[in-house]
Amino acid sequence: MLASRFRNAILTALAAVVVAASLAGCGSDKSKSARTTTLTVYAASSLTGTFTELGSKFEAAHAGVKVSFSFGGSSDLVTQIEQGAPADVFASADAGNMDKLTAEHLDGRTPKNFASNTLEIVTPPDNPAHISSFADLAKKGVDLVICAAEVPCGSAAQAVASNAGINLAPVSEEESVKDVLAKVTSGEADAGLVYVTDVKAAGATVKGITFPEASTAVNTYPITTVKGSKNLTLATEFVELVLSSTGQTVLADAGFAQP
């Protein structure tokens, strides 16, 4: 009787061990399947809409991958990367800021141009300052907002003004094109200089005014992987998506032109 009870106790203990091991294995598999890889993309703020859409497409095609974006002025993003920010991909709104990255040998591959963009005047829907041309931006009493000189949209604005022989006197210079747009949509400015794509994305919340002088300073957008990326294969695949027919269609639908 004692031997039988002892044997049953041993069998019960062994069964408990097997069940515990099985549950532990299941927990391990569940943890492993839930693990994700984050691909970090630094991109010019004017790419917010298009890259967010492409990020969703990329995640759908890559199980277990999350694309995390940091949008901002290209010059700020380069500075962050130079200071060690863990970016896997960098997309600039101009060649100048990409050149800063390559000069520091921080590019992981040769940058490729993937789009271009042109400035457009933006005003509130009712256009309170009655802006109809680039020259009107220099009229007395017009509260104009542009990007700072180190930002691609700002350097383009200055180039256009210089080429046209017009002296702009903005009341504010912002660190990104999105900040300029926000000043106009909030009614803090009579007019701003943003990109064609920003005006299109803003829709009825603004009035867009094209001007011929803009053709003298068209911004070309390059993209590259970042040296030291821990997700180089995924980074390369994201760059290829942007350059692909799918990526180019998304960009064209947003108003971007070919590089």
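The values are calculated or read from the model by the stated rules, or taken from the named source; none is laboratory data. Everything numeric in this text was worked out from a predicted model, so none of it was measured. Positions of Cβ are backbone-derived with ideal geometry, glycine not excepted, and every protein chain shown enters the neighbour counts.
Residues being in a loop (DSSP other than H, G, I, E, B) and either assigned by TED's automatic domain parsing to the domain that holds Ala44 or of a type in the set (A, V, I, L, M, F, W, C) (or both): count how many of those fall in region 169-187.
Looking only at that region, the number is 2.
Tell me, please, whether a residue that is in a loop (DSSP other than H, G, I, E, B), among the hydroxyl-bearing types (Ser, Thr, Tyr), out of contact with any Leu (no Cβ under 6 Å at 6 or more places or on another chain) and closer than 23 Å to Asp76 by Cα can be found in region 135-155. Before the answer, list the steps.
First pass over region 135-155, keeping only residues in a loop (DSSP other than H, G, I, E, B): 139-143, 148-151.
Imposing the further condition that a residue be among the hydroxyl-bearing types (Ser, Thr, Tyr) reduces the set to none.
So far as region 135-155 goes, no, none of its residues is in a loop (DSSP other than H, G, I, E, B), among the hydroxyl-bearing types (Ser, Thr, Tyr), out of contact with any Leu (no Cβ under 6 Å at 6 or more places or on another chain) and closer than 23 Å to Asp76 by Cα.
Restricting attention to region 147-169, does a residue exist that is modelled with pLDDT under 95, surrounded by fewer than 22 Cβ atoms within 10 Å (Cβ to Cβ) and under 27 Å from Asp253 (Cα atoms)?
No, there is no match, as no residue in region 147-169 is modelled with pLDDT under 95, surrounded by fewer than 22 Cβ atoms within 10 Å (Cβ to Cβ) and under 27 Å from Asp253 (Cα atoms).
Starting from residues that are acidic (Asp, Glu) and part of a loop (DSSP other than H, G, I, E, B), keep the ones in region 188-216 and report whichever is surrounded by the fewest Cβ atoms within 10 Å (Cβ to Cβ).
Across region 188-216, the extreme among qualifying residues is Glu188.
I'd like to check something: does region 118-131 contain any residue that is hydroxyl-bearing (Ser, Thr, Tyr), in contact with a helix residue (DSSP H, G or I) (Cβ under 9 Å, 6 or more places away or on another chain) and within 30 Å of Val184 (Cα to Cα)?
yes
Out of (1) assigned by TED's automatic domain parsing to the domain that holds Phe90; (2) of a type outside the set (Val, Ile, Thr); (3) over 20 Å from Leu101 (Cβ atoms); (4) touching a strand residue (DSSP E or B) at 6+ places or on another chain (Cβ under 8 Å), what's the single condition that is false for Asp190?
That leaves (1) as the condition not met.
Say we look at region 102-117 and pick out the residues that are in contact with a helix residue (DSSP H, G or I) (Cβ under 9 Å, 6 or more places away or on another chain) and of a type in the set (A, V, I, L, M); which of these is nearest to Val184 (Cα to Cα)?
It comes out as Ala115.
Among the listed residues Ala60, Ala87, which satisfies the condition of being over 22 Å from Thr197 (Cα atoms) and touching a Phe, Trp or Tyr at 6+ places or on another chain (Cβ under 9 Å)?
Checking each option against the conditions leaves just Ala87.
What's the total number of residues in region 218-241 that are part of a loop (DSSP other than H, G, I, E, B) and either assigned by TED's automatic domain parsing to the domain that holds Ala161 or surrounded by fewer than 18 Cβ atoms within 10 Å (Cβ to Cβ) (or both)?
Residues that pass the stated criteria total 4.
Could you give me the residue pairs with C-beta distances under 8 Å whose first residue belongs to region 51-65 and is under 14 Å from Ala235 (Cβ atoms), whose second residue is modelled with pLDDT under 95 wherever it lies, and which are 6+ apart or on separate chains?
Val65/Thr36
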